[in-house]
Amino acid sequence: MLRSRIRLAAAVAAVALVLAGCGGDDEPSGGSSAAPGELKVFAAASLTAAFTELGQRFTAANGGTKVTFNFAGSQALATQIQQAAPADVFASADTANMGKVKDLVGTPQPFASNLLAIVVEKGNPKGVRTLGDLAWSDLKVVLAAEEVPAGKYANQVLDQAGVRVQPVSQEDNVKAVVTKVSLGEADAGLVYVTDVAAGGDKVEGVDIPEDQNVLATYPIATVKASQAPDQAQAFMDLVLSDEGQQVLERHGFLPPPTT
């Protein structure tokens, strides 16, 4: 009887070892600082709608791998990566903030571009038609802060047009500018064309002529500290693929610059 119990215990232990070994095969290659099966993507706030859709597509095509997004101003995301925040992919709304982390990321690739537009309340109750109108003394204008890519581009556009604006507030990201206008806390703002489209039925856009506009270039790169480099590269590949480009185009983004 004792021998039988010993043999049974040995058999159970052997089965447990086999099962433990099989479980190890399911670990992502290289492991991850994130939870297994999770990818952390840091992306400019203006990419929220497009990247959310791309994340859903990535999850469906990659065994249920969860994509967790951190959407914010590119300057804030670059700072977080410099401070070793766990990130696998970084998509910036400008090349300058990607440059700030050049030693911490792989080779950046441009994947989209964008233009600015004037965002106003639905129906354009103040009758804003041109950049020059933003200088009206009774018009409440909100901009992204100067260190935010959208704020930097807005200042370039205004400077080129010779328009001086005293904003009632300067926001940490471009989405906050749209929100202020949609809530009636401001009459107008300068945002990306894509943010006007994503703003819903509470806002509308006033086009800025091409010769008065600036082209924003969006680069993407994998983060060197990522413990899930294969998945990070796969997400970047999706963004750069024909499928990814079609999703971005549908959300109003332009193709990346050819040079």
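The values are calculated or read from the model by the stated rules, or taken from the named source; none is laboratory data. Only a predicted model underlies this, so the values are computations on that prediction, with no experimental measurement involved. Glycine gets a Cβ as well: all are built from the backbone with ideal geometry, and neighbour counts include every protein chain shown.
Key figures for this structure:
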| quantity | calculated |
| --- | --- |
| Only one of ALA78, ALA93 that is in contact with a strand residue (DSSP E or B) (Cβ under 8 Å, 6 or more places away or on another chain), assigned to a loop (DSSP other than H, G, I, E, B) and either at pLDDT below 95 or of a type outside the set (Lys, Arg) (or both) | ALA93 |
| Pairs where the first residue, in the stretch 199-220, is free of Cβ contacts under 8 Å to residues at least 24 places away in the same chain and not assigned by TED's automatic domain parsing to the domain that holds MET98 and the second is assigned to a strand (DSSP E or B) and of a type outside the set (Lys, Arg), C-beta under 8 Å, 6+ apart | none |
| Options GLY73, GLY99, GLY55: the member that is modelled with pLDDT of 95 or more and more than 23 Å from GLN227 (Cα to Cα) | GLY73 |
| Flag for ASP195 being surrounded by 23 or more Cβ atoms within 10 Å (Cβ to Cβ) and among the acidic types (Asp, Glu) | yes |
| Whichever residue in the stretch 145-195 is among the polar types (S, T, N, Q) and part of a strand (DSSP E or B) and, among such residues, is nearest to ARG250 (Cα to Cα) | GLN170 |
| Verdict on ALA145 being within 30 Å of MET236 (Cα to Cα), in contact with a strand residue (DSSP E or B) (Cβ under 7 Å, 6 or more places away or on another chain), outside the structural domain of ALA228 (by TED's automatic domain parsing) and surrounded by fewer than 24 Cβ atoms within 10 Å (Cβ to Cβ) | yes |
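Table: residues versus (1) of a type outside the set (S, T, N, Q); (2) crowded, with 19+ Cβ neighbours inside 10 Å.
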position: ALA61; (1), (2): yes, no
position: VAL67; (1), (2): yes, yes
position: ASN70; (1), (2): no, no
position: GLN75; (1), (2): no, yes
position: THR79; (1), (2): no, no
position: THR95; (1), (2): no, no
